[in-house]
Amino acid sequence: MRRKLVAGNWKMHGSLAENDALLSGVLAGMGSLRAGVAVCVPFPFLAQVQAKLTGSAIAWGAQNLSQHAKGAYTGEVSATMLKDFGCAYVIVGHSERRALYGESDAVVAEKFAAALAAGLIPILCVGETLEEREGGVTEAVVGRQLDAVVAKSGVAALAKAVVAYEPVWAIGTGKTASPEQAQAVHAFIRGKVRALDAAVAEGLIIQYGGSMKPGNAAELLGQPDIDGGLIGGAALNAEEFLAICRAG
Ligand code: 13P
């Protein structure tokens, strides 16, 4: 049985004071949870999160990394730097990175490989736009995004990774994929991996992301191939985030 993983993606939110209050609230309400819990925070807050969460049941990570190991890449952050700050996870290929910062499938595949090489667990985001869904190419798009990573790192690499299905039209919009819609894509992803390696497919955590809230989390997380959530807006509120974690 796969253990569910609920991860908060804070995106570009927070301050030292806000984060302290948010994390204190989450830590206070954790109790014993079935699901694993993580938060992916902006780079400047990694030291704060490391200090606050070391020894707790909450893991942490970043939202992006450079595909390069080191060098003249002004403004970039490497995988080993993230390791230095105790990161377990790093989000790779979030749709906002793909759409706003021009990250191609090839760049995403390089970032995924860089994360693995440093011992980080990449959370690989895949997902279609509304136009793509309405055009009937959801599986083609998600398949292409997955293929790029498998072509570079091999299917065995997915044993040390998480996949997050995030339909772009559901992110930050309040429009959640229905449990059936999400389950169908999750099953497609797992089936694609299973065709290459059945054991990797069975162990693969596939999170859903896109307007997951306390009110819809249990139904989404109850689907057979939905193994957790990647939570944006609701991860900025301790009670909402905890409610989703408890549903996992
Ligand atoms: P929302 O939960 O705000 O829709 O964001 C989802 C997301 O993009 C997580 O990475």
Cα-only Rg/Rh for the range 1-77 with Kirkwood Rh rounds to 1.03
Please provide three numbers in whole Å: the alpha-carbon extents of the range 37-101 along the principal axes, with the largest listed first.
-> 34, 26, 15
Kindly report, to the nearest 10 Å², the accessible surface of E219 as traced by a 1.4 Å probe over protein heavy atoms only.
-> 110
Counting other Cβ atoms within 10 Å of each Cβ, which chymotrypsin sites (Phe, Trp or Tyr not before Pro) in the range 68-150 have at most 11 and sit in a DSSP loop?
-> Y101
Per the Kirkwood formula on distinct C-alpha pairs, the Rh of the range 169-248 is how many angstrom?
-> 12.9
What whole-number value in Å² describes the accessible area per residue of the chain for a 1.4 Å probe?
-> 43
Mark the label point 7 Å from the Cα of A106 along Cα→Cβ and return the residues of the range 142-160 whose backbone N is within less than 14 Å of it.
-> 148-149, 152
Rounded to two decimals, what is Rg over Rh for the chain when you use alpha-carbon atoms and the Kirkwood radius?
-> 0.94
Label-zone membership for the range 174-194, site Q223, 7 angstrom Cα→C-beta point, backbone N under 15 Å = 175-192
Any idea how far apart A88 and A57 come out in nm if each label point goes 7 Å out from Cα toward Cβ?
-> 1.2
Would you please give the residues with an amide H less than 5 Å from that of V92, counting only those at least 5 places away or on a separate chain, with H modeled from the backbone geometry?
-> I123, L124, C125
Ignoring any ligand, DNA or RNA, what whole percent of the accessible area of the chain comes from carbon and sulfur when the probe is 1.4 angstrom?
-> 56
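The values are calculated or read from the model by the stated rules, or taken from the named source; none is laboratory data. Just so you know, these numbers come straight off a predicted model, no measurement behind them. Every residue, glycine among them, receives a Cβ derived from its backbone with ideal geometry; neighbour counts consider all protein chains shown. Ligands, DNA and RNA are stripped out before the accessible areas are found, and what is left, the full protein with its side chains, is counted by its heavy atoms. Shrake-Rupley method; radii C 1.70, N 1.55, O 1.52, S 1.80 Å.
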